[in-house]
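What follows is a set of notes on a single structure, which appears directly below.
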Amino acid sequence: MGNIKILLYFCVAVLVIWAMDSVNINQIFKKNRVAQARVFYFLLGLAMIYLITNLIYDFFFFSQIG
């Protein structure tokens with residue numbers, strides 16, 4: 001089961017990176033705060049990957065009957 005979760009992490013990471021690429025969040029942050037914006041964007045991506053992977057994993061593996 002561990003290998004399935006690792007594979008799921010990679011698939012979700014590709015999907016999250018692809019989806020986050022379409023968002024222009026530069027307008028949200030203050031000017032001259034590029035490093036802070038990048039750190040926030042990176043942490044947001046990691047959080048989304050973790051949450052989506054665990055949601056899919058829990059949904060499919062804990063909803064099975066038997």
Let me know the volume per residue of the alpha-carbon convex hull for the chain, in Å³. 85 Å³
Segment residue 31-residue 60, extension gain: residue separation times 0.36 nm, minus the distance between their alpha carbons: 6.1 nm
Using the beta-carbon distance between residue 42 and residue 4 and R0 = 30 Å, what value does 1/(1 + (r/R0)^6) give for FRET efficiency, to the nearest 0.05? 0.70
Could you tell me which trypsin sites (Lys or Arg not before Pro) in segment 5-48 are loop residues by DSSP with no more than 12 other beta carbons within 10 angstrom of their beta carbon? 30, 31, 33
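Readers should treat all values here as calculations from the given coordinates under stated rules, not as data from a laboratory. Keep in mind it's a predicted model, so treat the numbers as computed, not measured. For neighbour counting, all protein chains shown are included, and Cβ atoms are generated from backbone atoms with ideal geometry for every residue, glycine included.
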